[in-house]
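**Student:** Could you have a look at this structure, given as structure tokens, before my questions?
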Amino acid sequence: MAKTVSINIPHQLGAAEAKRRLEEGLSQLAGQIPGGDASRFSQSWAGDVLNFSAVAMGQTITGVVQVLDDHARLDLSLPGLLGMAAGKIKDELSRRGQLLLK
């Protein structure tokens, strides 16, 4: 069963600048997924909403990022064994997100 993780990342950039930084940073993050394959990372933007999927450790992670003027909200679905590491994954994504939107 998948575990859902939600993260709110505050920023003071405005939606357009936050989206630009996320677009740049996501390609770098895709290559750093442990046990992942950067070629199996897909993303599509619809306005200020990003839908994405990635394969890590043979499991598909899906998520949505909504970019707002003062924060970005990430909702991530972690399947199987990855769900068991949800706390660590959430902490790391929160840390990296804050660095991108600093």
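The values are calculated or read from the model by the stated rules, or taken from the named source; none is laboratory data. This is a predicted model, so every value here is computed, not measured. Ideal geometry is used to build each Cβ from the backbone, glycine not excepted, and the neighbour counts take in all protein chains shown. Side chains included, ligands, DNA and RNA excluded: accessible areas come from the protein's heavy atoms. Shrake-Rupley method; radii C 1.70, N 1.55, O 1.52, S 1.80 Å.
**Student:** Roughly what angle does helix 15-30 make with the longest principal axis of the chain, taking Cα atoms, 0 to 90 degrees, to the nearest 10?
**Tutor:** 30
**Student:** Output the 0 to 90 degree angle, nearest 10, between the alpha-carbon long axis of helix 86-100 and the longest principal axis computed from the alpha carbons of the chain.
**Tutor:** 30
**Student:** Using the beta-carbon distance between Q59 and R20 and R0 = 30 Å, what value does 1/(1 + (r/R0)^6) give for FRET efficiency, to the nearest 0.05? Please list the in-between numbers first.
**Tutor:** Numbers: r = 30 Å, r/R0 = 0.99.
It comes out at approximately 0.50.
**Student:** Based solely on its DSSP helices, what 222 nm [θ] is calculated for the chain when runs of n ≥ 4 H residues each add -39,500 (n - 2.57) and the sum is averaged over all residues, nearest 500 deg cm²/dmol?
**Tutor:** Values: 3 runs with 36 residues, N = 102.
Counting only the DSSP helices, I get -11000 deg cm²/dmol.
**Student:** Relative to a virtual label point 7 Å from the Cα of Q28 in the Cα→beta-carbon direction, which members of the range 67-102 show backbone nitrogen distances below 19 Å?
**Tutor:** Residues passing the 19 Å test: 72, 91-102.
**Student:** A further question on this structure: Kirkwood Rh, the chain, all Cα pairs: how many Å?
**Tutor:** Computed over Cα pairs of the chain, the Kirkwood hydrodynamic radius comes out at 13.6 Å.
**Student:** Long-range amide H contacts for L68: which residues qualify at under 5 Å (H placed 1.01 Å from N, peptide plane, sequence gap of 5 or more or a different chain)?
**Tutor:** R73
**Student:** In a GNM of the chain with a 10 Å cut-off on Cα contacts, which of A85, A15, A72 has the highest mean-square fluctuation?
**Tutor:** Of A85, A15, A72, the Gaussian network model singles out A85 as fluctuating most.
**Student:** So what is the accessible area of the chain per residue, in Å², with the probe set to 1.4 Å? All intermediate terms of the calculation are to be shown ahead of the outcome.
**Tutor:** Numbers: 5970 Å² over 102 residues.
Roughly 59 Å² per residue, with all protein chains present.
**Student:** In nm, to one decimal, how far is the modelled label at S44 from the one at R73, with both set 7 Å along Cα→Cβ?
**Tutor:** My value for the distance between the label points is 2.2 nm.
**Student:** What is the sum of charges, Lys and Arg at +1 and Asp and Glu at -1, for the other residues whose Cβ falls under 12 Å from the Cβ of G25? Show your work: numbers first, answer last.
**Tutor:** On the way: positive: K19, R20, R21, R96, K102; negative: E23, E24.
For residues surrounding G25, the net value is +3.
**Student:** Where the centroid of each part is defined by its Cα atoms, how far is the range 1-15 from the range 36-102 in Å?
**Tutor:** Going from one Cα centre to the other spans 9 Å.
**Student:** Where a Cα-Cα gap under 12 Å defines reach, which aspartates and glutamates qualify for K19, not counting those fewer than 8 residues away within the same chain?
**Tutor:** Filter leaves D48, D69, D70.
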